[in-house]
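One structure below.
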Amino acid sequence: KPVSNQIVVDWDWPENETEPFIIPYGERSFSIERTYLDDEPSGTPQDEQVIIAYDAEVWPNLDIGHILGKRAGATVTVRNVAPVIESLSITDSAGLELGIDVLTAPTGGQIRLEALFTDPGIPDTQTATINWGDGTVEPSTSFDQFSDANGGFTGRVQHSHIYTNAGIYDVVFAVEDDDGGQSLSARQIEIVAARGGGGGGLCSLGPTTASAWQAGDLWLLLAFITSMGLWRMHRRQDAVT
């Protein structure tokens, strides 16, 4: 007398991606779950998978069951899921994040974009683009650093850009997998005209926008002004005497 039934599920018939499991003999129902890691073949937004289940009696002292040939089947649609952008930041040449640490950045300075992304489709590969908003669109093949999320890893992006004109720019980062799933993330930044040296005054001392000054710069400026004032007072006293 058989002791149990072995149910064999072929999740991707006729590719024979089978999974066996045991249910007590005489049971008339069972439940089993599966997460598809990718829709196959790649390059499509969705694909149909045929699932076939058949049973086999398991007899005592036998490692394998006797196939009874009773089968049931169904067709499911497996849809691709787009990558997920986990984080995005844009910083100036000092490493300060625009819109959070500082409000603006000067023209001619290096602007750096960094991003992290994942993809629930573990076998998927990804590419990316950055639209800097000034007419420059760059693919991931030209990034300073790019690694995709294939194999369940976290994808990483680092790339820099220099703005030559002042203005408000919408920077758009896009990542797309090999099945056409795409995710976007955007930041708006403001670039102001940099004031060069020469002509005297504070312009020759360095940054002129409030957002560009650091604490060390302010102390240096105050020390310079104070020392100049004392020097002038000393010269005036010499002239009087």
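The values are calculated or read from the model by the stated rules, or taken from the named source; none is laboratory data. Computed from a predicted structure; not experimentally measured. Virtual Cβ from ideal backbone geometry, glycine too; neighbours counted across all protein chains shown.
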Just checking, does the range 178-201 include any residue being surrounded by 12 or more Cβ atoms within 10 Å (Cβ to Cβ), in contact with a helix residue (DSSP H, G or I) (Cβ under 6 Å, 6 or more places away or on another chain) and modelled with pLDDT under 95?
yes
Out of the range 129-151, which residues are surrounded by fewer than 19 Cβ atoms within 10 Å (Cβ to Cβ), in contact (Cβ under 8 Å) with a residue 24 or more places away in the chain, within 13 Å of the chain's Cα centre (by Cα) and over 15 Å from Ala186 (Cα atoms)?
Asn150
Scanning the range 18-59 for residues that are surrounded by fewer than 16 Cβ atoms within 10 Å (Cβ to Cβ), farther than 30 Å from Pro83 by Cα and touching a Pro at 6+ places or on another chain (Cβ under 8 Å), the one modelled with the lowest pLDDT turns out to be Trp59
Arg156 vs (1) touching a residue at least 60 places away in the same chain (Cβ under 8 Å); (2) within 30 Å of Leu37 (Cβ to Cβ); (3) assigned to a strand (DSSP E or B): all pass except (1)
Modelled with pLDDT under 75 and of a type outside the set (Ser, Thr, Tyr): which single residue out of Arg79, Arg71, Arg112 fits that description?
Arg71
Check the range 139-152 and report whether any residue there is under 30 Å from Arg34 (Cα atoms) and part of a loop (DSSP other than H, G, I, E, B).
yes
All but one of (1) at pLDDT 75 or above; (2) part of a loop (DSSP other than H, G, I, E, B); (3) among the β-branched types (Val, Ile, Thr); (4) over 22 Å from the mean Cα position of the chain (by Cα) hold for Ile64; which doesn't?
(1)
Scanning the range 83-103 residue by residue, those small (Gly, Ala, Ser) and either in contact (Cβ under 8 Å) with a residue 24 or more places away in the chain or surrounded by fewer than 14 Cβ atoms within 10 Å (Cβ to Cβ) (or both) turn out to be Ser87, Ser89, Ala94, Gly95, Gly99
In the range 151-167, anything more than 17 Å from Gly108 (Cβ to Cβ) and at pLDDT 95 or above is listed as Phe153, Thr154, Gly155, Arg156, Val157, Gln158, His159
